[in-house]
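Presented below is the structure to which this report refers.
The values are calculated or read from the model by the stated rules, or taken from the named source; none is laboratory data. Predicted model only: the values in this text are computed from it and were never measured. Backbone-built Cβ (ideal geometry, glycine too); neighbour counts: all protein chains shown. What goes into the accessible areas is simple: the full protein's heavy atoms, side chains included, and nothing from ligands, DNA or RNA. Shrake-Rupley method; radii C 1.70, N 1.55, O 1.52, S 1.80 Å.
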Amino acid sequence: MTECRICGGGVEEFLDLGRQPLSDAFLLPADVDTEFFYRLAVGRCEACTMVQLTEEVPRERMFHHDYPYYSSGSSVMREHFTKTALNFIDTELTGENPFFVEIGCNDGVLLRTIAESGIRHLGFEPSVGVAKVAQSRGVRVRTDFFEESTAREVRESDGPVDVIFSANTICHIPYLDSLLRGVDALLGPNGIFVWEDPYLGDIVEKTSFDQIYDEHFYLFSVRSVQAMAARFGFELVNVERFPVHGGEVRYTIARTGARQPSPAVAELLAEEDARDVVELETLKGFATSVARIRDELVALLRSLKAQGKTVAAYGATAKSATVTNYAGIGPDLISYVSDATPAKQHRLTPGVHIPVNPPEVFTASYPDYALLFAWNHAEEIMAKEQGFRDAGGQWILYVPEVRVV
Ligand code: SAM
Ligand code: TMP
Ligand code: ZN
């Protein structure tokens, strides 16, 4: 057993996804020999129920000047974050000279709307490449990791914060003790800390095991977040579900007693309990389904190859590193991955080294089948690539089950 990063309790491992590369390290051929690997396994704390990885990858290996994920690449996500920002402006940022902080602001997909409204703000973003894009959009960025010390510095220089927001970043941060002490130091007395991440309830329901990779250190549930908040002097006062990125929950915590909890918290907690989401038996059953899906996907790809069909993939996602490396799916089964991100193109995917091509290669000569690694953007991508279907192409999906559509 390893020790829980939140409470020190015993973490029992329930799924071993093997030796894995950094999920966002897209390689030049010259870098293949020096690739970094670690063991990807996930367990659950028997005391506080937090689901977490058992091995931590040093943060500087993942988040640096070449970090290749640009949040603004999806129109659905741009819309989601614009709406989120406008909603905060209307509800929480109505006082005199409000102050908004975002942890992991990336290319400014959300903060650009706050900046355009002239509201005092600051984004923490250690990955300098994406941070520069945010700055070019008028966003104020500090190119540091958010943690206790950097949060205290901002409190000293800029004063208390009304809203600290974060999307798809808090689950990346193993050192949540330091982070929450930083939130405590920075937040005003009636301030809120709001964050959204992939939801364990959705991951279990859809067997979306590709949500597990180096950057996703925690798989949050309402139960585990409530316990964590209480440990650090906060209270979980709201939860909201969103369909983005395969199913997420947005958690709102406030200082204990400062805000009336919404009934949504008790409701989702009751649903989680009724489904036994955080029970070890459920998680072991999830692990069994993961192995079955891997076997079915590999069998399908091998059979298509035997029939002489051409198969490419769509979306060089961080998630796909888990699938390809766990299942041993390499360039023999997938000829290339199409991705619109320049920073990933003309490189090789982590671990299994499938070439990444721009979408023009895909549209110039459609394969017979396309494995949709970016299944969380299915609607957007399938609409954009309607020509593929019109030409007789078929999509392969593996969440929640392996199927051809
Ligand atoms: N918020 C964006 C979104 O939802 O699309 C970006 C999500 S991206 C998957 C995670 C971002 O968090 C990266 O840009 C990374 O550099 C940043 N990050 C990682 N650790 C961080 C930390 N401790 N403080 C602030 N940002 C961090
Ligand atoms: P994500 O699932 O982590 O958001 O990653 C999605 C990946 O898919 C990212 O590398 C960008 C790529 N992508 C496209 O190539 N075309 C698209 O239309 C969309 C939405 C994403
Ligand atoms: Zn624990």
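If you take just the helices (runs of 4 or more DSSP H) that sit entirely in the range 270-372, which of them hold at least 3 residues that are open to solvent by less than 60 Å² (accessible area, probe 1.4 Å) and within 20 Å of Pro29 (Cα to Cα)?
Correct list: 319-327.
Quick check on Ala30: is it out of contact with any strand residue (DSSP E or B) (no Cβ under 8 Å at 6 or more places or on another chain), closer than 23 Å to Gly315 by Cβ and either more than 16 Å from ligand 1 (Cβ to nearest atom) or outside the structural domain of Phe145 (by TED's automatic domain parsing) (or both)?
No; evaluated as a whole, the condition is false for this residue.
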task: Please list, ordered by first then second residue, the pairs with beta carbon atoms under 7 Å, 6 or more apart or interchain, first in the range 111-133 and among the polar types (S, T, N, Q), second in a helix (DSSP H, G or I) and more than 16 Å from ligand 3 (Cβ to nearest atom).
output: Thr113/Thr82; Thr113/Ala85; Thr113/Leu86; Ser117/Ile89
Which numbered condition Gly18 misses (of (1) outside the structural domain of Pro243 (by TED's automatic domain parsing); (2) on the phi < 0 side of the Ramachandran plot; (3) touching a strand residue (DSSP E or B) at 6+ places or on another chain (Cβ under 7 Å)): (2)
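When you go through Phe100, Phe36 one by one, which is the residue that is closer than 19 Å to Arg250 by Cα and among the aromatic types (Phe, Trp, Tyr)?
The match here is Phe100.
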query: So which residues in the range 33-58 are under 13 Å from Ser224 (Cβ atoms), open to solvent by 60 Å² or more (accessible area, probe 1.4 Å) and touching a strand residue (DSSP E or B) at 6+ places or on another chain (Cβ under 6 Å), if there are any at all?
result: Glu46
query: Which one is surrounded by the most Cβ atoms within 10 Å (Cβ to Cβ), of the residues in the range 117-163 that are within 16 Å of ligand 2 (Cβ to nearest atom) and part of a helix (DSSP H, G or I)?
result: Val130
